[in-house]
Amino acid sequence: MNRTDFLFASPSFIGGMAAVLDMGATLTIYNESKTPEEADAKAIACDWRVVGNDIKSAMKSFDGK
């Protein structure tokens, strides 16, 4: 879980083509959580993990390693 987009749908090319004909949006599947609070907690944890990775990367490039 190192991404911040896990709550969004990730359609394939074929899925995108099928979505043109899917007027009721019945083919779109989103990553779901049991409660809104759980979804928020997952999203916030992923966001902070990405921020931490960015800080770590900046520290390594500043340090010259």
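The values are calculated or read from the model by the stated rules, or taken from the named source; none is laboratory data. Predicted model, so just to flag it, every value in this text is computed and none were measured. All Cβ positions, even for glycine, are placed from backbone atoms using ideal geometry, and neighbour counts span all protein chains on display. Heavy atoms of the whole protein, side chains included, go into the accessibility calculation; ligands, DNA and RNA do not. Shrake-Rupley method; radii C 1.70, N 1.55, O 1.52, S 1.80 Å.
Numerical summary
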quantity	calculated
Selected residue (only one of ALA19, ALA39, ALA9, ALA43 is touching a Ser or Thr at 6+ places or on another chain (Cβ under 8 Å) and modelled with pLDDT under 70)	ALA9
Residues located in segment 45-61, provided they are open to solvent by 90 Å² or more (accessible area, probe 1.4 Å) and either in contact with a strand residue (DSSP E or B) (Cβ under 6 Å, 6 or more places away or on another chain) or charged (D, E, K, R) (or both)	ARG49, ASP54, LYS56, LYS60
